[in-house]
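Colleague: Quick one: structure below, then a few questions.
The values are calculated or read from the model by the stated rules, or taken from the named source; none is laboratory data. All values derive from a computational prediction rather than experimental measurement. So basically every Cβ, Gly included, is an ideal-geometry build from the backbone, and we count neighbours across all protein chains shown.
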Amino acid sequence: MKIGIRKFFYGDYGEEKNSAAESTASRETINEWPLWEVFIRSKQGLDHKHAGSLHAADAAMAMENARDVYTRRNEGVSIWIVESKYIHASNPDDADALFDPANDKIYRHPSFYDLPDEVKHM
Amino acid sequence: MTTKQIKNPLINFLLQLGDNALIMGHRNSEWCGHGPVLEQDIALTNIALDQIGQARNFYQYAATLISESSGEKLTEDSLAYLRDSWDFKNCLLTELPNGHWGQTILKQFFVSTYQYYLYQELEINSDLKLAGIASKSLKEINYHVRWSSEWVLRLGDGTSESKQKMLAALETLWPYINEWTIFTDYEIEILGNKHQSIKEKWEEKIHAVLNEAGLIIPSDAYAQRGGKQGNHTEHLGYILAEMQFLQRAYPNSEW
């Protein structure tokens, strides 16, 4: 079986088709395995962090692949996987509109207060 | 060197455990860089490394015991690299060529499930060192069983092409199944009467998974055997030639 692999980049999904669900149909061949995003919790109490992505035929295989590809050096205690098509990403072209306005709003950081000495861990 | 003359059942058993793990690991390592997709390439290479790690543990223990009794200074490397094919006690199944992906998976499934039930018994063996190695290995084996049986289900119950290929693989490998449960004296010495239940559990598991995968089990019960006694197929010689070349051409070289 020839398995075609096509590289997606984060942010590609929303633009290719407007709805995430439809992006399955845009895969080039039916032999192509869907892409999954992998999130690893490195130890109890910490958040799951995005570790990378991989190809797998279904969730069970994706889970095993994630274990083999991303936790073989003892990186994690828990794995989340989600099919990449369900992730909606912001469009890089919108970055100016989305993020620039926050650039000059330094007052939004709570750094203008004088904290009493008694208050710790701030 | 040779280990042919050794009579101690524990040492013979350790050598067999090590040989099965090493030859499986070596065969799987041949897939490195050739897997059908990157993720599965890594998965199988991980398994190969697990098996070679297990082989090391068994060889280290065997080397200590042989050194103690004979006074000859041996290491795990002497056992892996300096013995000839008639010293190896691995089952013939492990040395067979990999064939296609499905055949490799099926072989892995047979071996991993066997190791799973065997190591469960060894884990409670009165020899604490052997029990310790078995217990450590079981965690890895657990995953190998899960991974390989999922693939047997996927391919057996997949497309008509994958099913056809799995049936052909089953036909090829089936004559090599029985050897595992035709126990030798040194195995029975260590396992006691437990060997019968290993055989039963293993066969039950194999039948359950193959049935679920929709693969018809061949009725032919002919058993290819001899590996446990050191009588191997021609394939083992080629494996050893490749695996041992460096140590034999450049003795004691390290990297």
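Colleague: Looking at the stretch B:1-18 only, could you name the residues that are outside any helix (DSSP H, G or I) and either touching a residue at least 60 places away in the same chain (Cβ under 8 Å) or touching a Cys at 6+ places or on another chain (Cβ under 8 Å) (or both)? Before the answer, list the steps.
Modeller: Narrowing the stretch B:1-18 to residues outside any helix (DSSP H, G or I): B:1-8.
Residues satisfying the conditions are B:1, B:2, B:3, B:4, B:6, B:8.
Colleague: Mind telling me which of the residues B:128, B:138 ends up being touching an Asp or Glu at 6+ places or on another chain (Cβ under 8 Å) and either modelled with pLDDT of 95 or more or buried (at least 21 other Cβ atoms within 10 Å of the Cβ) (or both)?
Modeller: Criteria check complete, one pass: B:138.
Colleague: Also: Assuming residue B:171 fulfils every condition listed in (1) more than 14 Å from chain A (Cβ to nearest Cβ); (2) within 24 Å of residue B:16 (Cβ to Cβ) apart from one, which condition is it?
Modeller: (2)
Colleague: State which residue is farthest from the other protein chains (Cβ to nearest Cβ) when the search covers only the stretch A:54-65 and only residues that are crowded, with 20+ Cβ neighbours inside 10 Å and of a type in the set (Gly, Ala, Ser).
Modeller: A:62
Colleague: Scan the stretch B:214-234 and report the pairs whose first residue is farther than 10 Å from residue B:86 by Cα and whose second residue is of a type in the set (Gly, Ala, Ser) and not in a loop (DSSP other than H, G, I, E, B), with Cβ atoms within less than 6 Å and a gap of 6+ or a chain change.
Modeller: B:214/B:156; B:215/B:156
Colleague: Exactly one condition in (1) more than 10 Å from chain B (Cβ to nearest Cβ); (2) under 18 Å from residue B:147 (Cβ atoms) is not met by residue A:94; state its number.
Modeller: So residue A:94 meets the others, but not (2).
Colleague: Kindly indicate whether any position in the stretch B:17-33 is within 14 Å of another protein chain (Cβ to nearest Cβ) and crowded, with 18+ Cβ neighbours inside 10 Å. Spell out the reasoning first.
Modeller: Initial filter on the stretch B:17-33 (within 14 Å of another protein chain (Cβ to nearest Cβ)): B:28, B:31-32.
Checking the rest, the ones that are also crowded, with 18+ Cβ neighbours inside 10 Å come to B:28, B:31.
Yes, that holds for at least one residue.
Colleague: Can I ask one more? Looking at the stretch B:19-73, which of its residues are closer than 23 Å to residue B:1 by Cα, touching a helix residue (DSSP H, G or I) at 6+ places or on another chain (Cβ under 8 Å) and part of a loop (DSSP other than H, G, I, E, B)?
Modeller: Result: B:72, B:73.
Colleague: Within the stretch B:90-123, track down each residue that is within 17 Å of residue B:201 (Cα to Cα) and not in a helix (DSSP H, G or I).
Modeller: B:123
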